[in-house]
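To start, the structure itself, in structure tokens.
The values are calculated or read from the model by the stated rules, or taken from the named source; none is laboratory data. This is a predicted model, so every value here is computed, not measured. Heads up, the Cβs are rebuilt from the backbone with ideal geometry, glycines too, and the neighbour counts pull from every protein chain shown. Calculation scope for accessible area: heavy atoms of the full protein, side chains included, ligands and nucleic acids excluded. Shrake-Rupley method; radii C 1.70, N 1.55, O 1.52, S 1.80 Å.
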Amino acid sequence: MSEMSNTFPHQKPVNIGFGILIVLLYVFLMAPLVMIIGASFTNGLMIEFPPQGISLRWYFEFFDRQDLVDGLLMSLRIGAVTAVVTMTVAMMAAMAGQVISGRLSGWYQLGMTLPLLVPELLTAVGLLFFLYKIQMAKTVMGLQMGHILMSFPYAYVSIAAAMRQVPDALEEASQSLGATGWQTFRLVILPLVMPGLAMGGIFAFINSFDLYTISLLLKPLGGNTLPLALFDFLTYEFKPTAAAAATLSILLSILGVALVQKLVGLQRAF
Amino acid sequence: MATVEVRDLRKRYQDFLALDGVSLKAESGQLVTLLGPSGCGKSTTLRCLAGFLEANGGEITVDGESILGTPANRRGFGVVFQNYALFPHMTVAENIGYGLKIQKLPKPEITTRVHDAMKLVRLDGLGDRLPRAISGGQQQRVALARALVLKPKLLLLDEPLANLDARLRDEVRWLIRDLQQQSGITAFYVTHDQSEAMAMSDMVAVMKAGRVAQFATPREIYQKPVERYVADFTGEANFIPCQSVTPHGEGRYTISAAGVTLELAGVPGITGPAELLLRPEALSLTTPEAGTFRGTVTKSAFLGAALHCEITLNDGSVLKLAAEPNHHVVAGKEVGIAIDHTHAWLMPEVTP
């Protein structure tokens, strides 16, 4: 959290009332996480906070459950592909967005973020019909497409914001120094938007890892993503295994953010 | 090193004619300034030269060959931008070596040439800094070195001094001019600052609404402008409308203005109404009897090096002039004004 307060180094110290508000906000945001993480280490048989004793038994339990581990692997695989594909496509979309000007630009931005604005359930149903039409319903590929569609806006917003920070004159300067379009992209544009790009990829991954509704409708026969597997599990057994799975997901998100920090620095990513 | 000719260049945006037939010529090694207010088309002309914009008509030739079909990255022109456009993620040395790296030159050669270029613009020892860690003047010199290190055929400068403070501006201005003359590179220079244009250029093109109003040497632009717009843009100027104009011979006229008959030079071929241009330095104060014009002092201000006066003539026109600072001038006094005839100039009245 000390990382966050450094995000705005130029800001003056705020007054106490505002400080309390910020603290309350963080408590509100962090409390569920702290509780679920705490509960995962319990030695008891129920999800409860504070935990009863400390043990790692529910983590072993989690990795012993084939259905949950399969879900985790499926989610990781789909998330990784989603991140890579989304970064590539969103990068191209953001570059196209740069050259569209005037009133058209607003509509373009709106179009690119449409999957955020349409209720997920409607998108899922529509996509399911579409996938049946093209004989791809209930396949991993179909699910993958759904995840890419839903995660695209996050990556796009992050990358487009980074692109807007790159002045056009840099491209022109590069051109005038003899660089081709591809060289300009590789040597000038890409390094400058890298923080936004990495952030976009991680947003896309985390979002994909978290998707429920669309996975429920599009999931392949016999396959489950982790959220689906967890929900199935919780329907029958209310055991701390679920808390352990949740803690692993949180850990994964933190790893992602740490990775961005390591690669490009959080200050530059936002 | 290269002769550049622009002929009848046209550029249209949806409903705006940015360039309406611009014609210019830069002889080899000349520095040509495009001078004018914002929106006159000077930057557009430069961007067409650089290849960032595609013209809708006209021709640009370098050493007689058209370059309109050549993309910007193969024109081999150096461009210096108003806000420098340095690559923020590269060090000073990497910025300067960028073009050489693109050309895939061997590393040792790049190092040597970057080093030489940095010396040329007096940036020794700053090679490892990032652009944001050096001053504006230094950034500008990096931009200059980055363009010059490639030995371009043509150097294009878009208001390179606009973001610098007055003292630095002077310094960098002379640096640019020196480097340009040493290397003999033909250059185009865009500015809205007339003193910059006067001091640096071999030729000046004063631009007005997408056209070249006058293309001549700085001296001619200042002393023999073709219309009021040019005279106004290049310095302090007084204008007196003429009651009658009688031409005799090429560019010689007898006129009457403010009740006085004068014989003087002017723009050749004036037939309609005309006005007289008198720069403040062509005028001097004298006694009412000895002067060409007679008038009353309406304002005077002591500025240290000179005394600025405004004198109203009997036909109502106002003349501004700079008098010797210790001259005794008070408002309301009747004075005479002597004219240096070699600095008086007749221009046709053109609707702006």
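Residues considered: A:Glu61, A:Glu48, A:Glu3. Of these, the only one that is modelled with pLDDT of 85 or more and of a type in the set (D, E, K, R) is A:Glu61.
Of the helices (runs of 4 or more DSSP H) lying entirely inside the range A:126-205, the ones with 3 or more residues being at pLDDT below 95 and crowded, with 17+ Cβ neighbours inside 10 Å are found at A:140-164, A:168-176.
Only residues that are in a strand (DSSP E or B) and buried (at least 20 other Cβ atoms within 10 Å of the Cβ) were counted in the range B:222-239, giving 1. Of all residues in the range B:293-320, those that are without any contact (Cβ under 8 Å) to a residue 60 or more places away in the chain and either buried (at least 18 other Cβ atoms within 10 Å of the Cβ) or not in a loop (DSSP other than H, G, I, E, B) (or both) total 16. Take B:Ala50 and decide whether it is small (Gly, Ala, Ser) and without any contact (Cβ under 8 Å) to a residue 60 or more places away in the chain. Here the answer is no, as B:Ala50 does not meet what is asked.
Exactly one of these conditions fails for A:Met112: (1) under 24 Å from A:Gly196 (Cβ atoms); (2) open to solvent by less than 30 Å² (accessible area, probe 1.4 Å); (3) touching a residue at least 40 places away in the same chain (Cβ under 8 Å); (4) touching a Pro at 6+ places or on another chain (Cβ under 8 Å). Give me its number. For A:Met112, the exception is condition (2).
Does the range A:42-73 hold any residues that are aromatic (Phe, Trp, Tyr) and farther than 11 Å from A:Thr241 by Cα, and which are they? Don't jump to the end; show me each part of the working.
Of the range A:42-73, the ones aromatic (Phe, Trp, Tyr) are A:49, A:58-60, A:62-63.
Within the range A:42-73, just A:Phe49 meets the criteria.
Restricting attention to the range B:257-265, does a residue exist that is small (Gly, Ala, Ser), crowded, with 17+ Cβ neighbours inside 10 Å and at pLDDT 90 or above? The answer is no; no qualifying residue exists. Each residue in the range A:49-72 was checked for being closer than 20 Å to A:Phe231 by Cα, without any contact (Cβ under 8 Å) to a residue 60 or more places away in the chain and open to solvent by less than 80 Å² (accessible area, probe 1.4 Å), and 1 pass. One residue is enough: does the range B:45-57 have a residue meeting the conditions away from chain A (no Cβ under 14 Å), modelled with pLDDT of 90 or more and closer than 22 Å to B:Leu161 by Cα? Yes, the conditions are met somewhere in the range B:45-57.
This table checks each residue for (1) buried (at least 20 other Cβ atoms within 10 Å of the Cβ); (2) over 30 Å from A:Val99 (Cβ atoms).
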residue: B:Gly51; (1), (2): yes, no
residue: B:Thr61; (1), (2): no, no
residue: B:Ser66; (1), (2): no, no
residue: B:Leu100; (1), (2): yes, no
residue: B:Ile110; (1), (2): yes, yes
residue: B:Met118; (1), (2): yes, yes
residue: B:Arg122; (1), (2): no, yes
residue: B:Gly125; (1), (2): no, yes
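The residue pairs whose first member lies in the range A:252-270 and is at pLDDT below 65, whose second member is open to solvent by less than 90 Å² (accessible area, probe 1.4 Å) and of a type in the set (A, V, I, L, M, F, W, C), and whose beta carbons are closer than 6 Å, counting only pairs six or more residues apart or on different chains, are A:Ala269/A:Met199; A:Ala269/A:Val260. Scanning the range A:224-248 for residues that are of a type in the set (Phe, Trp, Tyr) and assigned to a helix (DSSP H, G or I) yields A:Phe231, A:Phe233, A:Tyr236. Within the range B:13-43, track down each residue that is within 14 Å of chain A (Cβ to nearest Cβ) and under 16 Å from the mean Cα position of the chain (by Cα). Correct list: B:Ser43 only.
Across the range B:140-163, what is the number of residues that are modelled with pLDDT under 90 and farther than 24 Å from B:Ile221 by Cβ? Final tally of qualifying residues: 1.
Only one entry of A:Leu221, A:Leu251, A:Leu216 meets the criterion of being open to solvent by 70 Å² or more (accessible area, probe 1.4 Å) and outside any helix (DSSP H, G or I), and that entry is A:Leu221. When restricted to residues that are touching a Gly at 6+ places or on another chain (Cβ under 6 Å) and either more than 9 Å from chain A (Cβ to nearest Cβ) or without any contact (Cβ under 8 Å) to a residue 12 or more places away in the chain (or both), the range B:149-162 contains 2. Taking the range B:68-85, which residues are within 13 Å of chain A (Cβ to nearest Cβ), farther than 25 Å from B:Arg177 by Cβ and either of a type outside the set (D, E, K, R) or crowded, with 17+ Cβ neighbours inside 10 Å (or both)? Listed by number, the residues that qualify are B:Thr70, B:Pro71, B:Ala72, B:Asn73.
Given the conditions (1) farther than 29 Å from A:Thr225 by Cβ; (2) outside any helix (DSSP H, G or I); (3) open to solvent by less than 40 Å² (accessible area, probe 1.4 Å), report the number of the one that A:Ser105 does not fulfil. Status for A:Ser105: all satisfied but (2). Across the range B:137-160, the qualifying residues are those that are closer than 17 Å to B:Arg113 by Cα and among the basic types (Lys, Arg), and the one among them that is nearest to the chain's Cα centre (by Cα) is B:Arg141. Checked against (1) without any contact (Cβ under 8 Å) to a residue 60 or more places away in the chain; (2) crowded, with 20+ Cβ neighbours inside 10 Å, A:Asp210 meets all criteria but (2). Reported count of residues in the range A:221-235, each being touching a residue at least 24 places away in the same chain (Cβ under 8 Å) and among the aromatic types (Phe, Trp, Tyr), is 1. For residues in the range A:168-190 being closer than 10 Å to B:Phe87 by Cα and within 29 Å of the chain's Cα centre (by Cα), which is farthest from the other protein chains (Cβ to nearest Cβ)? Applying the filter and picking the extreme gives A:Ile189. Does the range B:100-131 hold any residues that are out of contact with any helix residue (DSSP H, G or I) (no Cβ under 7 Å at 6 or more places or on another chain) and within 13 Å of another protein chain (Cβ to nearest Cβ), and which are they? Selection gives B:Gln103, B:Lys104, B:Leu105, B:Leu130.
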